[in-house]
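Here the structure is laid out as structure tokens; the discussion comes afterwards.
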Amino acid sequence: MTQHAEYPTTNIEDRLSDEQREKIRAIDTLGVGAYSRAMCVLVALEIKPATEVDVFEWNTELSQVQSILEGAGLKVVQRENDASSAKLARLVVSKDQQVIDEMLLLSPTSDHRRYGELMGFTKSMIDAFERKIERLPDEEIPKEIATQIFEPKLSREHIAEEMQLLRQWEQAVKKYAPTAYQELQGKESRRSTLRHRGKEK
């Protein structure tokens, strides 16, 4: 699987104190999903505007999740929960209260475009998701750690800049959430094995 050089540091990272860096790295200690931890790190580094975190009864206690995220400089608001869901809570996470307020008004299933923008995806990736431009078939997506972790919908025309963004995300997660990074790689490895076995049958 292809590896890449270190991602270009962001302005926010250049300004971080050692204490702030450690508080961001503390996100990786939370007992929530690896993908959620990775996304929160990207938001804390201002690489993505926002994300959502599902917290279940078997995860880290909700108050502790909120405390660690807030300690990393994030704002956290709980969405209204579906009583029929197994989730204890769904948290909207951002560094900007206005972004959170807007996220709370959006539906991931119907407000694809704006929701995708606030989750950090490019216009071309959102267009590809909505099939407004040609979407790259899954079998043609580059087999790299970045694409296997984030499972994006990529466009044929803009794949170069889309891959650059995903590699930036990947390297930031690798640096600030190494445990989540390893878990996500392991998850993809298991998926690949299952796909391979399926083809043998």
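What follows draws every value from the coordinates through simple rules; no lab data is involved. Bear in mind that the values here come from a model prediction, so they are computed numbers and not experimental data. Glycine also receives a Cβ, built like all others from the backbone with ideal geometry; neighbour counts cover every protein chain displayed.
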Per-residue ³J(HN,Hα) for segment 172-177, Karplus 6.51 cos²θ - 1.76 cosθ + 1.60, θ = phi - 60°, Hz, x for Gly and Pro
5, 5, 4, 6, 9, 9
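If you average over every viewing direction, what projected area does the convex hull of the Cα atoms of segment 11-200 give, in nm²? Numbers along the way, then the final one.
On the way: hull surface 47.3 nm².
With every direction weighted equally, the projected area is 11.8 nm².
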Given K75/K143; K123/K153; K75/K132; K75/K123; K143/K175, which pairs have Cα atoms separated by over 23 Å?
K75/K143; K75/K132; K75/K123
Roughly what would the spin-label model give for Q64 and D138, points 7 Å off Cα along C-beta, in nm?
3.6
List every residue whose amide H lies under 5 Å from the amide H of K48, counting only residues 5 or more places away in sequence or on a different chain, with H placed 1.01 Å from N in the peptide plane.
V43
Sequence order, segment 31-36: Karplus ³J(HN,Hα) from phi using 6.51 cos²θ - 1.76 cosθ + 1.60, θ = phi - 60°, Hz rounded, Gly and Pro as x, gives x, 10, x, 4, 5, 4
Between segment 61-75 and segment 85-162, the alpha-carbon center distance in angstrom
24
Counting only C-alpha contacts under 8 Å and six or more residues apart, can you give the relative contact order of segment 36-190 as a whole percent?
22
Expressed as a whole-number percentage, the relative contact order of segment 95-139 with C-alpha contacts under 8 angstrom and at least six residues apart is 22
Going fewest to most other Cβ atoms within 10 Å around each Cβ, S17, S94 line up as S17, S94
Please go through segment 74-147 and write out the GluC sites (Glu not before Pro) that DSSP classes as loop and that have at most 14 other C-beta atoms within 10 Å.
E80, E130, E134
